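Peer 1: Just dropping this structure here.
The values are calculated or read from the model by the stated rules, or taken from the named source; none is laboratory data. All values reported here derive from a predicted model rather than from experimental measurement. Note that each Cβ is placed from the backbone with ideal geometry, even for glycine, and that neighbours are counted across all protein chains shown. Remember, those area values only see protein heavy atoms, side chains included, never the ligands or the DNA or RNA. Shrake-Rupley method; radii C 1.70, N 1.55, O 1.52, S 1.80 Å.
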Amino acid sequence: MLTKKRYTVRDMILWTRGETIIYLFYAGIITVLYKVFGFTFLNVPWTPVALIGTAVAFMVGFQNNSAYGRIWEARMIWGAIVNTSRTWGMKVQDMVNNDHKSPPIPKEELKEEKRILIYRHIAWMTALRYSMRQRKSWETQHTSKTNREWRKMIHIPEEVSTLDDNLKCYLSDEERHYVMSKSNKQTAVLYLQSAHIRKLKKVGLIWEFAFLELENVLETLFTHQGKSERIKNFPYPRQYASLSLYLTRVFAILLPFGLIPEFAEIGKSMTGSFYMIGNYFIWVAVPFCAVVSWAFHTMERMARVGENPFEGNPNDVPISTISRSIEINLREMLDEDLENIPSQFPEDKNVQM
């Protein structure tokens, strides 16, 4: 997630420089053929080109709206995870007690049971965010040079260390091996949580109502997890994404054939003191073609990179930052020493991951 007000012009130029050069070069070639070599048959009526541009605008607009909807839904899901995580921490702190335990266990043992439940929840968030960062074939961060450049510049915690290494901080060796042996590791962690609170109910550290309340929180976490996995594993429909891309390219290809003759006619109509300018006015079509093609292509590309809000680009939902914030909150509520609580993940290039 970008934390500054806007991308700079330099950022946009660097991100789209390849396409910009191609569009300038392509429009220049068509203009040279038309003006210098007299290929005046390279003329397409402007009306069909404009109609295609209208269709492209509708398709790209629909794709951008859908991409924004996916980003916003993902942010709502992870906002709900924040709230439910705090609820879990509160209920564990208050509901795991000696009120129904005879004889009561020592205070330190009780505190350890709470710590295990809180740490296991942090392990669940860690497993979930690592799952959300796994690469899918339809994602875009590795499909172009400039996307890869952005990825190298920003700090993605899930690419710095492994899930196994992180889980060592929150789970026992036995539980960690169990979780790592499963394909859906975040689900395995929630199964461990359920088994643990059932054991606590059996020994009297949780009474029946508290057990049901904690199980309800786990059910809610399963719901949030499923929603997050749905966005991750079901892409924006490929038929719409493909049609938007193809129509944008067709429009960019046809645009010089419709626009260059228009500029040539404008130049011919110039008389008097503007005659000399009019003789070269056709060359103005080159930057105009490039700018229009750039605008349509950039809108389509923005939609394409916004379809997948977890893959790790600068516009994604900052699930790593959210997870670390929850971890800090929960461990502070355990009254841990501040020096033992990890700091927030760093920002690179004003981007939170």
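Peer 1: Compute the distance from the alpha-carbon center of the stretch 292-353 to that of the stretch 9-58, in whole Å.
Peer 2: 36 Å
Peer 1: Using the beta-carbon distance between R148 and K101 and R0 = 56 Å, what value does 1/(1 + (r/R0)^6) give for FRET efficiency, to the nearest 0.05?
Peer 2: For R148 and K101, the calculated efficiency is 0.50.
Peer 1: For each pair in K107/K201; K136/K199; K202/K227; K101/K168; K101/K182; K152/K185, compute the distance between the two Cα atoms and list the pairs where it is over 29 Å.
Peer 2: Where the Cα-Cα span goes over 29 Å, the pairs concerned are K136/K199; K202/K227; K101/K168; K101/K182.
Peer 1: Roughly how many debye, to the nearest 20, is the charge dipole of the chain about its Cα centre, given +1 on each Lys and Arg Cβ, -1 on each Asp and Glu Cβ, and no other charges?
Peer 2: Details: 43 positive and 37 negative charges, 178 e Å.
Dipole about the Cα centre, nearest 20: 860 debye.
Peer 1: Continuing with this model, one more query. Could you order I319, I29, I52 so the one with the most accessible surface comes first? Probe is 1.4 Å.
Peer 2: I get I29, I52, I319, largest accessible area first.
Peer 1: Could I have the simple spin-label model distance between V44 and L243, label points 7 Å from Cα toward Cβ, reported in nm to one decimal?
Peer 2: Distance between label points: 1.9 nm.
Peer 1: Given axes a ≥ b ≥ c from the Cα gyration tensor, I'd like to know whether the chain is rounded (a/c under 1.5), prolate (a/b larger than b/c) or oblate.
Peer 2: Here the chain falls in the prolate category.
Peer 1: Continuing with this model, one more query. At 1.4 Å probe size, what's the solvent-accessible area of I13? Round to the nearest 10 Å².
Peer 2: 100 Å²
Peer 1: I need the helices of the chain that pass two filters: whole DSSP H segments spanning 24 Å or more by Cα along the axis, and mean Kyte-Doolittle score no lower than 0.0.
Peer 2: Span-like helices in the chain: 17-35, 46-95, 238-268, 285-306.
Peer 1: So, one more: Show W78, W15 ordered by accessible area, largest first, where the area counts protein heavy atoms only and the probe is 1.4 Å. The partial results should precede the final answer.
Peer 2: Working: W78 0, W15 30 Å².
Final ranking, largest accessible area leading: W15, W78.
Peer 1: Can you give me the distance in nm between label points at V203 and S172, each placed 7 Å from the Cα along the Cα-to-Cβ direction?
Peer 2: Taking the simple label geometry, V203 and S172 are separated by 1.0 nm.
Peer 1: 222 nm [θ] for the chain, helices only, -39500 (n - 2.57) per DSSP H run of 4+, per residue, to 500?
Peer 2: Only helices count here, giving -23500 deg cm²/dmol.
Peer 1: Continuing with this model, one more query. Let a ≥ b ≥ c be the square roots of the eigenvalues of the Cα gyration tensor of the stretch 1-75; is it rounded (a/c under 1.5), or, if not, prolate (a/b larger than b/c) or oblate?
Peer 2: Oblate is the answer for the stretch 1-75, as a/c is 1.5 or above yet b/c matches or exceeds a/b.
Peer 1: What percent do you get for the relative contact order of the chain when only Cα pairs under 8 Å and 6+ apart count?
Peer 2: Working: 384 pairs, mean separation 127.9, N = 353.
With pairs under 8 Å counted, the relative contact order is 36 percent.
Peer 1: How much length would be gained if the chain were fully extended between E159 and F58, taking 0.36 nm per residue of separation minus their Cα-Cα distance, in nm to one decimal? Could the numbers behind the result be given before it?
Peer 2: Details: separation 101, 0.36 × 101 = 36.36 nm, distance 3.71 nm.
Taking 0.36 nm per residue and subtracting the Cα distance, the gain is 32.7 nm.
Peer 1: Students sometimes get this wrong: rank F39, F58 by accessible area, probe 1.4 Å, all chains present, largest first.
Peer 2: F58, F39
Peer 1: Given the protein chains as shown and a 1.4 Å probe, how many square angstrom of S244 are accessible, to the nearest 10?
Peer 2: 0 Å²
Peer 1: By its C-alpha gyration tensor, with a ≥ b ≥ c as the square roots of the eigenvalues, how is the stretch 147-287 shaped: rounded for a/c under 1.5, else prolate for a/b larger than b/c, else oblate?
Peer 2: Here the stretch 147-287 falls in the prolate category.
Peer 1: Under 5 Å between amide H atoms, partner at least 5 residues away or on a different chain: which partners does D348 have, H built in plane at 1.01 Å?
Peer 2: H155
Peer 1: Next question. What does the accessible area of F62 come to, in Å² to the nearest 10, when a probe of 1.4 Å is used?
Peer 2: Number for this one is 100 Å².
Peer 1: Separation between the E332 and K182 pseudo-spin-labels, each 7 Å from Cα along Cα→Cβ, expressed in nm?
Peer 2: 3.1 nm
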